[in-house]
Amino acid sequence: MQASLLVRITTSRLFTWILRNIASRVDPVIFKATNGRLTLFGPTAFPMLTITTIGRKSGKRRSAHLATIDDEGGPLIVASAMGQERHPSWRYNLEANPIVEVQVEGESYTATAVVLTEQEKAKIWQKILDSIPQIRVYETRTERNIRVFRLHRLEITQG
C-alpha cells in the first residue's frame with residue numbers, strides 16, 4: 001500500500017476513534033500475550049512496544065501500546081496522543097514515576113523514561129517524522145508541545 005494512502009487511512013477520524021476507544025484497550029493485552037508479535041490488526045507494520053506505568057493518581061498499573069523509534073541511546077516514544085489537545089495520560093504517569101515496564105517483540109524489561117530536552121528533540125525530530133509519518137498529521141491537529149521520551153533499560157541485579 002502506498003505510504004501516503006496508509007497515512008491518510010490511519011489518521012482518519014474513524015481509524016483514530018478505533019485506535020483511541022478499542023485498540024488502546026485491547027492491543028496491550030494481545031501484544032503481551034503474543035510476546036510482542038501481534039496487535040488487534042495483526043502483525044505490526046512498524047516497531048511497536050507496550051509500556052506499563054503506574055497511574056499517578058490511582059496507583060494502578062496502566063498500559064499503553066505505542067509506536068517506537070529505535071535510536072542509539074534507547075527506544076524513543078512520542079506523546080502525540082494522535083494530535084489530541086490533551087497530552088496522553090501515560091505522559092503524566094511517566095513524569096510522576098519514570099520507571100516503566102516495556103514489552104517488545106520477544107522480550108520484556110524494566111526501563112527509566114527520560115523526556116528529551118527541546119534541543120535533543122530538535123536533533124531527532126526528522127528521524128521521528130520519517131519513521132512515523134502519521135506524526136506530521138498529528139502535529140497539525142494540536143498546538144501543544146509533543147514530548148518525546150527515551151527509554152533507558154535498567155540492569156536489574158539480584159542481590
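Only the coordinates and a few stated rules stand behind these numbers; no lab work does. Note that the structure is predicted; figures quoted are calculated from it, not measured. Here the Cβ positions follow ideal geometry from the backbone for every residue, glycine too, while neighbour counts run over all protein chains shown.
Restricting the calculation to alpha carbons of the chain gives Rg and Dmax of 15.2, 53 angstrom. For segment 94-106, backbone phi angles converted through the Karplus equation (6.51, -1.76, 1.60; θ = phi - 60°) give residue-by-residue couplings of 5, 5, 7, 8, x, 7, 9, 8, 10, 10, 10, 4, x Hz, Gly and Pro being listed as x. Cα extents for segment 21-69 along the principal axes, largest to smallest and rounded to whole angstrom: 33, 22, 20.
Here the contact order of the chain, divided by its residue count and restricted to Cα pairs under 8 Å and six or more residues apart, works out to 24 percent.
A simple packing score, the average count of other Cβ atoms within 10 Å per residue, orders the peptides 50-61, 69-80 as 69-80, 50-61, with the highest score first. Put simply, when 93-106, 131-144 are sorted by average Cβ atoms within 10 angstrom per residue, most first, you get 93-106, 131-144.
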